[in-house]
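Okay, so here's the structure we're looking at.
The values are calculated or read from the model by the stated rules, or taken from the named source; none is laboratory data. Quantities reported herein were computed from a predicted structural model and do not represent experimental measurements. Here the Cβ positions follow ideal geometry from the backbone for every residue, glycine too, while neighbour counts run over all protein chains shown.
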Amino acid sequence: MSTSLEAFASPARRLPGDLAMWFFILAELTVFALLILTFAVAQALQPQLFHASRQLLDSSTGLALTLSLLTSGLFAALALEQVRQARASRAAWLLLAALLSASVYVLLKLGEYSHLAGAGLGIEHNTFFTLYWMLTGFHFVHVLLGLLILGWLAERCRRRAYGPDNCSVMESGVLYWHMVDLVWVLLFPLVYILN
Amino acid sequence: MTIMNPHLKFQSQAVAKPYFVFALMLFLGQILFGLIMGLQYVVGDFLFPLIPFNVARMVHTNLLIVWLLFGFMGAAYYLIPEEADRELHSPKLAIILFWVFAAAGVLTILGYLFVPYAGLAKMTGNELLPTMGREFLEQPTITKMGIVVVALGFLYNIGMTLLKGRKTTISMVMMTGLIGLAVFFLFSFYNPENLARDKYYWWFVVHLWVEGVWELIMGAMLAFVLIKVTGVDREVVEKWLYVIIAMALITGILGTGHHFFWIGAPAVWLWVGSIFSAMEPIPFFAMVLFAFTMVGKRRRQHPNRAATLWAKGTTVTAFFGAGVWGFLHTLAPVNFYTHGSQLTAAHGHLAFYGAYAMIVMTLISYAMPRLRGLGEAPDERSQTIEIWGFWLMTLSMVAITLCLTAAGVVQVMLQRWPTDGTALSFMSTVDQLAVFFWLRLVAGLFFLVGLLCYLYSFKQRGRATARDEAALAVSA
C-alpha cells in the first residue's frame, strides 16, 4: 500500500501525452456519452422495434470488428513501449501492424455498411437504424482519423523522431487511438448484443 | 502615422483604429433601424412607404453583420502583429481595403434605402448570378464579390504577417477562424432553385459562421485580451483555448442539423441536430470558466477596469444568449412548436449581442486607449461612463430578450399548441402580443441611451493617465 502511494507521489509520475489531448478526449467522450444515452432511451421507448432490428445485424461481424480494433490498440501500446525503450524502428513496424489491423476494421465495416444499404436498411429506415448509422458512422470517422494518426506516427518513428525523453506527441496519438477503442467496446454490446 | 505612438508595440497596429471607429458608427445605425422596426411591430405603418418593415429589417441585420466584420478585421490588425511579434505586412493595403469595404458597405445600404429591392437586383445584374433575396445575404452579387476581394486581401495581409513572424496558438486560432469565415461565405454564391436545398447552403454560411468559425475568432480575441489584462501565463490560456475550440467544432458543425428541422430535409437531422446542438452550450460555459478563472488568477491589477468587465461580461451573456436560450428550443420535440417564433428572435438578440457585439467591444475597450495614445486605460471618469454604457446596454438587451421570450411563449400557446381548432392565425396572435412589443421598444430606447453613453466615454482628450506616465517614465 505504502509503495503504491509513494509511486503515486513520486515526481517521476507525470501525465502521459499533452494535457490538451486529455481535454479533447474528455470532450469526445461527452459527445459519445450523449449519443449512447440517446440510443438507450430510444431503445427503452421502442423495445420491440430495437429487438427486431438488431436481429438484422450480424453479431459475429461485430465481434470481428471488436477484435480487430482491440488488436490494433495492443500493437499501438506495444509500439509506445518500444519508443520508451529507445527502439524507434521496431515501434514503426508495430505501428504498421496496428494500421493493418485497423484497416481490417475499416474493410469489415464498409462491407457491413454496403450490405445494410443494399438491403434497404439505410439511415431513414427506422429509429434503430437512424441511431445505428449515426453512432457507428460518427465512430467510423474517428477510426479514419486514427488511421491517419497511426500512419503519421509510424513515419515519424521510422525517422527516429521520438525517444524515451521525447514521446509526448506519440503518447497523445496513442491515447486518441485508445479512446476510439474504448468507445467501440461500449458501442459493440449496446448496438449488436444487448436486448 | 508620422507621430510615434508610444503605447503601441508596433506602429502598424494603428490601422485597426479606423476599423473600430467605423464599426461603432455602423452599430449606432443598426440600433436606430432596430428602433424603427421595434415601433413598426406595434404601429405597422410607421414611416411607410419611406422605410417599409422589410427594408428596415434588412438594414438592421446587414449593418450588424458588417459592423462585426469591421470589428473582427480591426481586432485582427491589432492582435496579429503583436502576436506575430512584427509589423503588419502592409499597412497601406489595410487602409485601402478599409476604404473599399466602407464605400461598398455604405453604397449597399443606400441602395437598400433608396432603390426598391427588385430595382436594386436589376441594376446590379442579379440575373447573371442570382444570389439576392435571402435573409442576411441580401447584398447585391457585386457587393458579395467585393466582400470576397476584401477578405482575400485581408487574409493575405495578416497571413503574410503571421508566416514571417512568431506563431502562437492565439494567432493560429484567429487565422483559422478568419479563413473559415471567408470560405463559408462562398456558399452564398450558390442559390439552388429548390427552396429546401437552398436552405442547406444558406445555413452553411449563417450557422457555420456564428456557431462555428466565429467562435474561434471570439475565443482568440478573448484569450488575447485576458492575457493582456491578467498577466496570466500564455501556456495556461492556450490549454483553455484548445478545449473551447475542440468543443465548439465537435458540437457546432453537426449542430447545423438543428436548422434542418421541418424544412423538407430528411428526418435523421432531427436526431443529429438535437443531440449535437444540445452540447453547444458547453464551449460557451467553458469560456465563462476561462474568463473568471483567469481574472481570479491575475498577476496584476490592470488599470483598464472596463476592458476586464467586458471580457467577463461577454462570456456570461454569450453563455445565456447562445447557450441557454439556444438550448431552450433546440430539441426537435420542442422546436416542433417554437420553430421561427419570437423565441428565435429572443435567442438571436442575446446571442449576437453577448457573443459577438460584446467581444468586439471588449477588444475595442482594451485597444482603443492605446490606439488613441491615451495609455493603458482611459481616465477614471471615462471608464465610469463606459461601465455605465456596459450595464445599460447589457441589461436592456436582457430586458429585450425577456420580452421576446414572453411573447414567444404566448405565441406558441395561442398559435401553435391548440389542436382543437381554436388556434389563432399569425396576425391575430401578433395583436395579442402588443404589450410585449411595447415593453421591448422601451428596453430598446434604454439600449440606445447605453450605446450613446458608451460612445460618449470616448470623449476624453488625448492625455495619458498619471499611472501610465509613471510607467512610461520607468520604461524610458
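Of note:
- Exactly one residue out of B:Gly133, B:Gly146, B:Gly125 is small (Gly, Ala, Ser), touching a helix residue (DSSP H, G or I) at 6+ places or on another chain (Cβ under 8 Å), within 25 Å of B:Trp203 (Cβ to Cβ) and surrounded by fewer than 16 Cβ atoms within 10 Å (Cβ to Cβ): that is B:Gly133.
- B:Gln30 meets the stated requirement of being under 30 Å from B:Ala346 (Cβ atoms) and touching a helix residue (DSSP H, G or I) at 6+ places or on another chain (Cβ under 8 Å).
- Selected residue (criterion: modelled with the lowest pLDDT) from residues of segment B:433-476 that are of a type in the set (Lys, Arg) and assigned to a helix (DSSP H, G or I): B:Arg467
- 1 or more residues under 19 Å from A:Leu144 (Cα atoms) and in contact with an Asp or Glu (Cβ under 6 Å, 6 or more places away or on another chain): qualifying helices (runs of 4 or more DSSP H) within segment A:20-125: A:59-84
- Residue check for B:Ala332: surrounded by fewer than 23 Cβ atoms within 10 Å (Cβ to Cβ), within 14 Å of chain A (Cβ to nearest Cβ) and modelled with pLDDT under 95: no
- Hits in segment A:34-71 (condition: closer than 20 Å to B:Ala246 by Cβ and more than 10 Å from every other protein chain (Cβ to nearest Cβ)): A:Ile36
- Only listed residue being aliphatic (A, V, I, L, M), within 11 Å of chain A (Cβ to nearest Cβ) and touching a Gly at 6+ places or on another chain (Cβ under 8 Å), chosen from B:Leu216, B:Leu241: B:Leu241
- Test: residue in segment B:424-446 that is exposed (fewer than 14 other Cβ atoms within 10 Å of the Cβ), charged (D, E, K, R), farther than 30 Å from B:Pro378 by Cα and over 21 Å from the mean Cα position of the chain (by Cα): yes
- Every residue from segment B:260-277 that is under 16 Å from A:Leu29 (Cα atoms) and more than 7 Å from chain A (Cβ to nearest Cβ): B:Phe276, B:Ser277
- B:Gln383 being touching a Phe, Trp or Tyr at 6+ places or on another chain (Cβ under 9 Å) and either buried (at least 20 other Cβ atoms within 10 Å of the Cβ) or part of a helix (DSSP H, G or I) (or both): no
- Against the test of being free of Cβ contacts under 8 Å to residues at least 40 places away in the same chain, part of a helix (DSSP H, G or I), under 22 Å from A:Pro16 (Cα atoms) and under 12 Å from the mean Cα position of the chain (by Cα), the options A:Leu145, A:Leu175 yield a single qualifying residue, A:Leu145.
- Residue within segment B:188-196 that is of a type outside the set (Asp, Glu), part of a helix (DSSP H, G or I) and modelled with pLDDT of 95 or more present: yes
- Selection status of B:Ile244, out of contact with any Lys or Arg (no Cβ under 8 Å at 6 or more places or on another chain), within 18 Å of A:Leu26 (Cα to Cα) and buried (at least 23 other Cβ atoms within 10 Å of the Cβ): yes
- Only a single criterion out of (1) of a type in the set (Gly, Ala, Ser); (2) in contact (Cβ under 8 Å) with a residue 40 or more places away in the chain; (3) facing chain A (nearest Cβ under 10 Å); (4) closer than 30 Å to B:Arg299 by Cβ is not satisfied by B:Ala246, namely (2).
- Hits in segment A:84-128 - residues which are surrounded by 20 or more Cβ atoms within 10 Å (Cβ to Cβ) and within 14 Å of another protein chain (Cβ to nearest Cβ): A:Phe128
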